[in-house]
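The values are calculated or read from the model by the stated rules, or taken from the named source; none is laboratory data. This structure is a prediction, so every number in the text was calculated from the model and none was measured. Here Cβ is always computed from backbone atoms with ideal geometry, including for glycine, and neighbour counts include all displayed protein chains. Protein only, heavy atoms only, side chains kept; ligands, DNA and RNA dropped before computing areas. Shrake-Rupley method; radii C 1.70, N 1.55, O 1.52, S 1.80 Å.
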Amino acid sequence: MKNIEVIGENIRIMRQKSGLSQEQLALLSNMNTSYIGQIERGEKNPTIRTLEKIALALKIDFTDLFALSNPSTISDSPPQSQQYLAILTPEDIKRYMLGILKDETNNPKG
């Protein structure tokens, strides 16, 4: 799974855990609903600013978006189930952040 897909999956998991629909998350983060869906599916590469808005709307720490989660962790099943949480390495996060900054530098909005 690519880093952007991991982040999108985590957003989806956290959104569902919070009991929010994509429409509600979009409203809370001041974004378009279809854009939230594209981020969750790993089709769009959100900016750091966008990820901050999503984290604020979900009331989570920005860094929580970078954990690789098994979708089954949404349930409240006992710890003996085969659930896992693997964290992206600092190098993975650095590489992702540098990619975003490079994209923003090469494609400035304005």
Quiz prompt | Peptides ranked, highest mean first, by Cβ atoms within 10 Å: ranges 36-44, 12-20 | solution = 36-44, 12-20
Quiz item: Ignoring ligands and nucleic acids, what accessible area does Ser34 show with a 1.4 Å probe (Å², nearest 10)?
Solution: 70
Practice problem: Kindly report, to the nearest 10 Å², the accessible surface of Thr63 as traced by a 1.4 Å probe over protein heavy atoms only. | Solution: 90
